[in-house]
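Notes follow the structure.
The numbers here are math on the coordinates, done by the rules we state, and not lab data. Given the structure is predicted, the values throughout are model-derived calculations rather than measurements. Heads up, the Cβs are rebuilt from the backbone with ideal geometry, glycines too, and the neighbour counts pull from every protein chain shown.
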Amino acid sequence: MSRQENSDRLGVLKTYKLYIDGKFPRTESGRYFKLKAADGKILANVCQGSRKDVRDAVTAARTAFAKWSRQTAYLRGQILYRVAEMLEGRRLQFTEELVEQGVTRDKAIAEVSESIDTLVYYAGWSDKYPQIFSAVNPVASSHFNFSMPEPTGVVCVLAPELPSLLGLVRAIAPVIIGGNTAVVLVSSKQPLSGITFGEVLHTSDLPSGVVNLVSGFRDELIKTMASHMDVNAILLCAEKDRVGDSVVVQEQAIENLKRVSVWKDIEANPYRIMEFQEIKTTWHPVGA
Amino acid sequence: MALKKKKTLSGGSVLKVKASVAPLNFGTQWQYVEALEGSDHVKIEPKYGLFIDGKFVEPHSKKYFDTINPANEKVLSKIAEADAHDVNLAVEAARRSYDNVWSKMSGKERGKYLFRIARIMQERARELAVVETLDGGKPIRESKSVDIPLAAAHFFYYAGWADKLEYAFSGRSPRPLGVAAQVIPWNFPLLMAAWKIAPALATGNTVVLKPAETTPLTALKLAEIFQEADLPPGVVNIITGFGATGAELVSHKGVNKVAFTGSTEVGKKINRAILGTDKRITLELGGKSAHLIFEDASIDQAVEGIVNGIFFNQGHVCCAGSRLLVQESVEKIVLRKLFDRMQTLAVGDPMDKNTDIGAINSHEQMKKIEGYIASGKTEGAKLFQTSCRLPSKGFWAKPTVLSEVAQSFRVVQEEIFGPVLTVQSFRTVEEGIEKANNTPYGLAGGVWTDKGSKIFSVSSHLRAGVVWANTYNKFDPTSPFGGYKESGMGREGGISGLLPYVQF
């Protein structure tokens, strides 16, 4: 919320923390970095998340995966829609926060609107992408055979620096609507939107651990996220000034054959859901 | 089927043997009368060059290596060994034909070439089956009924996709990638070549394929078929050699796509070799697939499924049901019936139509299997092997079961790729699923129960790309195949099998 007070009341400042396993802990490392506005005013002491924070988040995500991956598509769709509702209710807060972090007001309003619309878009896909990407296969033997997508598992997400809110939403919505759970490193340039988004998720009936948000720096956490042996896939939102990231991610991912997605844009479409799905084929004999 | 007892012909009369009292001990008490597949009509050249730009050519190094029949260790032919120079020629030929011919051809015409290839393969099916069995050691019965018909069917299936690709990707326009480098294993040589080549060509890519060094012959026969079908030169190039040749191929700068089937270890190496490039990759790697037998299963059918799951193709199957998980209440009866059934397995000459289990593909693989059996015994497993007699020449392994194993045993965690089954028991459904998923692999799984709801529940909990319920080891061109976790990435077969070869 805006720190500018228009009365003589002293404002209550928010402590920006991490969002792990449905709770808002400080980083276990006790470290922070200062986020400043364009005019040099300090906006927040932001948690500088550590490798241990990432590992804790992966544990939470793995635990949450067991239930979230087996929820009905209908329920997942309703919960994502609920996230959109909660964000809609907090339009002003998110707009102000983006403005404080340096986004012009018009662009901030548009970014929040697009974020809400993205959530609605993917909420609607929940019970449709399996229909588009499944098949009953006409095998040349007396078997019933079908293929359908299943979530890959725990997905680490290196969210885009900018736009910080829309980029985050575009990255995590296709991951979680498909039944995966996520460990996300939010933008370090504009970390406040990502962290506040945790509050939206927390009030949306999204089970604990399905999305875990960590603030901090890519240089420090990229290897931990890409090499963790209990992570099944990694989404790297590429930054133009960090051309080495994709090789780092691909190299670290080899040991347990993580699925690697490198996005150069934040377009929204159902193929982005499928990047974090596995096709399972099941056979059964047909006969009396 | 004729049987003879102690070298005496039974004359085809019905045998009366009290099962479970006196099990049929084949190889000792009983033997089938030989029924050898003829090979007179099959011509194998004394030596084969590299198939580059539509012609068989001498390798740059002039080096050749032997390909042998693993059932008798006799040399079948001499095979060219490709080096970096040859790899470069093959990739350049593929690039030229991609730029000038194949990518410009309509899908309809591409499809007609693939249909032609499928039909010629069917015409030459018996020849291909015989060569496959001679070169690889698999039973002729399997080459004839599984490998060759499925390989032809795969071409026929993807032929039909070539002019219909826009229907496969809703809202998208697919385009080919360019030159595909494909490296395939020795367990299903021609079938793997078909799995790789057919979808690549249907989507408009050109190919450089490297078959395994122990089983190059059917891929070279396939090259003859490409010539016969008038496939434009360079659309498919087949280069033979060892691991070094494959490494040169996948890391060649002119390659846009890498597709590999083989071990997880080599798959990771290939992944490393292409780091920092824009090459797309598909990997079909190892497995340690669980085969779950529940107490409410049809036990006799399940036993047949277990046998087919692990002994099909000598267990040289990436999706082999190599970990048997039996519900405790039926463990005893399942094992007794399994051991009885295993005694009837005919192990021996792959060219004999009676043979169930043929030769192990290579001396190296035989040693690896023996090493694993020894490791299992050292770690405390109980060993059961059938009483069959093994031929004196060639490479062989007896059908083997290792019971009383723990989840941590190497034989439970690692892929053996031979006729070796481990047995564990479980009490609850949850325990069975937990054990099934407890390896780094995720290729396939089997479920046996007569309860439908349990099938859907268990199969959806298995973290594996293919689940066979009340059946096992079934394959079809329309049916996607591929692994979760460290069993690989990407799918082959079906509509999903197109995706690895296109961009949007």
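With a Förster radius of 30 Å applied to the C-beta separation of A:Val262 and B:Ser263, the computed FRET efficiency comes to 0.70.
If R0 is 51 Å, the Cβ-Cβ spacing of B:Ser408 and A:Asp117 corresponds to a FRET efficiency of close to 0.50. In a fully extended conformation the segment linking A:Glu85 and A:Thr63 would gain 5.3 nm over its present Cα-Cα distance, using 0.36 nm per residue. Pairwise Cα distances in the protein assembly as shown exceed 45 Å for 30 percent of all pairs. Considering every Cα-Cα pair within segment B:407-504, what fraction, in whole percent, is farther apart than 16 Å? Tail of P(r) above 16 Å: 64 percent of Cα pairs.
Rounded to the nearest 20 debye, the dipole magnitude of segment B:290-469 is 320 debye, with +1 charges on Lys and Arg beta carbons, -1 on Asp and Glu beta carbons, and the Cα centre as origin. With a Förster radius of 60 Å applied to the C-beta separation of B:Gln385 and B:Glu58, the computed FRET efficiency comes to 0.85. Selection among B:Gly494, B:Tyr441, A:Ser69 by position relative to the dipole of the protein assembly as shown gives B:Tyr441 as farthest towards the positive end (Cβ unit charges, Cα centre). Relative to the longest principal axis of chain B, what angle (0 to 90°, nearest 10) does the C-alpha long axis of helix B:299-311 take? In chain B, helix B:299-311 runs at an angle near 50 degrees to the longest axis.
What the Cα atoms of chain B give is an Rg and a Dmax of 22.9, 70 Å. In this structure, the residue pairs whose Cα-Cα separation is over 28 Å, taken from B:Lys43/B:Lys257; B:Lys62/B:Lys268; B:Lys269/B:Lys368; A:Lys264/B:Lys108, are B:Lys43/B:Lys257; B:Lys62/B:Lys268; A:Lys264/B:Lys108. Cross-linked pairs B:Lys78/B:Lys474; A:Lys280/B:Lys78; B:Lys337/B:Lys454: Cα-Cα separations exceed 30 Å for B:Lys78/B:Lys474; A:Lys280/B:Lys78.
Computed over segment A:178-280, the quotient of the alpha carbon radius of gyration and 2.2 N^0.38 Å is 1.10. Number of Lys-Lys pairs in segment A:15-127 with C-alpha atoms under 30 Å apart and a separation of 8 or more places or on different chains: 17. Summary of packing: across the peptides A:137-147, B:198-208, A:111-121, the per-residue average of other C-beta atoms within 10 Å ranks them, highest first, as B:198-208, A:111-121, A:137-147. Think of segment A:96-230 as having a plus end and a minus end, set by charges on the Cβ of Lys, Arg, Asp and Glu; of A:Ala108, A:Asn180, A:Leu166, A:Asn180 sits farthest toward the positive end of this dipole. Taking every full run of DSSP H in chain A, the ones that stretch at least 27 Å from end to end by Cα along their long axis and average -1.0 or higher on the Kyte-Doolittle scale are A:105-125. Taking a straight Cα-Cα cut-off under 17 Å and skipping sequence neighbours fewer than 8 places away in the same chain, the lysines within cross-link reach of B:Lys367 are B:Lys377, B:Lys393, B:Lys398. Dividing the summed -39500 (n - 2.57) terms of all DSSP H runs of n ≥ 4 by the residue count of the protein assembly as shown sets its mean residue ellipticity at 222 nm at -11500 deg cm²/dmol.
Volume per residue of the convex hull around the Cα atoms, evaluated for segment A:1-62, comes out as 106 Å³. This model, with +1 at the C-beta of Lys and Arg and -1 at the C-beta of Asp and Glu, gives segment A:32-285 a dipole about its Cα centre of some 380 debye. Taking label positions 7 Å along the Cα-Cβ direction at both B:Ser173 and B:Gln122, the computed distance is 3.5 nm, reported to one decimal. Both the radius of gyration and Dmax for chain A are 19.9, 83 Å, in that order, over alpha-carbon atoms.
Label sites at A:Lys189 and A:Arg242, each approximated as a point 7 angstrom past Cα along Cα to Cβ, lie 1.1 nm apart. Take each residue of peptide B:457-468, count the partner chain Cβ atoms within 10 Å of its Cβ, and average: the result is 4. Computed over Cα pairs, the Kirkwood radius of segment B:328-411 leads via Stokes-Einstein (1.306 mPa s, 10 °C) to a diffusion coefficient of 112 µm² per second. Selection among A:Val286, B:Asn69, A:Thr95 by position relative to the dipole of the protein assembly as shown gives B:Asn69 as farthest towards the positive end (Cβ unit charges, Cα centre).
Pairwise Cα distances in segment B:290-469 exceed 30 Å for 14 percent of all pairs. The packing ranking, built from the mean of other Cβ atoms within 10 Å per residue, places the peptides B:88-98, B:116-126 in the order B:88-98, B:116-126, highest first. The Rg/Rh ratio of segment B:232-369, with Rg taken over Cα atoms and Rh as the Kirkwood radius over Cα pairs, comes to 1.10. Could I have the simple spin-label model distance between B:Lys393 and B:Gln301, label points 7 Å from Cα toward Cβ, reported in nm to one decimal? So the two model labels end up 4.4 nm from each other.
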